[in-house]
Every structure is written in structure tokens, then in C-alpha cells.
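The values are calculated or read from the model by the stated rules, or taken from the named source; none is laboratory data. The structure presented is a predicted model; accordingly, all values stated were derived computationally and were not measured. Positions of Cβ are backbone-derived with ideal geometry, glycine not excepted, and every protein chain shown enters the neighbour counts.
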Amino acid sequence: MAYEEWDPGLETGDDVVDAQHRNLYAIVNELDDALREERAREAVALMLVRVLLHAKSHFHDEEALMERVGYPGLERHRGLHRDFEQQAEQISDEYLAGESISPECLAAFLHDWLVEHIGTEDRQIVAYLAQECDE
């Protein structure tokens, strides 16, 4: 899995949300390192918990930003966040239970979500914020 690098073009202008996005990139890359290095399942489990806790905190702050600016896609976006939480928790539970989920699948899920969600969905928030500033 290739490392994901932060794209400054994704910045929203909200310092908290932008820092959280950068941190999500860093955490997912750290988890990828742990999986590549085949660290103990317990170490990976702690990193998974860290990813999930950070994501939930971030979602709360990002949704608050969208509420403040009147983002029209808030409810749809909120639904995407809840879907991620459910999928990530299910995959994490399977991994922790030693079930069929492989470390590679886990890393792929997180990377794919990171690239797709921040790169596509959150970019729409950036475009909306830029449009609002221009008016």
C-alpha cells in the first residue's frame, strides 16, 4: 500500500479540521507501518482504536463546521461518517477476533476511505467554503 501524503489543496481554512485531516493521514500511515512490520496484534489493535477515536472526534468537529457554514450536504455527509464508523468498527472487531480479515485488507480499507472521503467528499466542503467566501 502506498503512503498517502497530505494535499494542501484539501485545506478548508478551519485550523482544527485541517490539522485533524493531516493527523488522520499520519495515523493511517503509522498503522500501515505497523502492519508492514507485522507488529503484534495487540499493538495494531491499539493503533486501530486510535484511528477510530480520532475519526469520531474529527467527524464531530467537521460536522460542526458544516453546520456553522450552512453546508447543504451536511446530512448526506453525516451519513457517510456513520457508515465509515460502522464499517471500521466491524473490520476492527473481525481483526481483533482473529477472523478472516487480513492486515492488507484492513490497510486497504483505511487508505481507500482516506483517499475517497477526504479527496472527494471533503473537497466538496472546500469548494463550498470557497464559493461562500467569494460571494
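Can you tell me which residues in the stretch 95-135 are surrounded by 13 or more Cβ atoms within 10 Å (Cβ to Cβ) and over 19 Å from the mean Cα position of the chain (by Cα)?
Once the filter is applied, which keeps residues that are surrounded by 13 or more Cβ atoms within 10 Å (Cβ to Cβ) and over 19 Å from the mean Cα position of the chain (by Cα), the stretch 95-135 yields 96, 101, 128, 129.
Scan the stretch 36-59 and report the pairs whose first residue is over 17 Å from residue 114 (Cβ atoms) and assigned to a helix (DSSP H, G or I) and whose second residue is of a type in the set (A, V, I, L, M, F, W, C) and at pLDDT below 80, with Cβ atoms within less than 8 Å and a gap of 6+ or a chain change.
Partner pairs satisfying both residue conditions: 41/96; 45/96.
Checking the condition at negative phi and not in a helix (DSSP H, G or I), which residue from 5, 30 passes? I'd like the intermediate steps shown before the answer.
Details: 30 fails: not in a helix (DSSP H, G or I).
The match here is 5.
Taking the stretch 10-27 as the search range and keeping residues that are in contact (Cβ under 8 Å) with a residue 40 or more places away in the chain and in a helix (DSSP H, G or I), which one is nearest to the chain's Cα centre (by Cα)?
Out of the qualifying residues, it is 24.
Return the pairs, sorted by first residue and then second, in which the second residue is outside any helix (DSSP H, G or I) and among the charged types (D, E, K, R), the first residue lies in the stretch 105-124 and is in contact (Cβ under 8 Å) with a residue 60 or more places away in the chain, the beta carbons are less than 7 Å apart, and the residues are 6+ apart or on different chains.
Filtered contacts from the stretch 105-124: 111/4; 114/4; 115/4.
Could you count how many residues in the stretch 1-51 are among the aromatic types (Phe, Trp, Tyr) and modelled with pLDDT of 80 or more?
Total meeting the criteria: 2.
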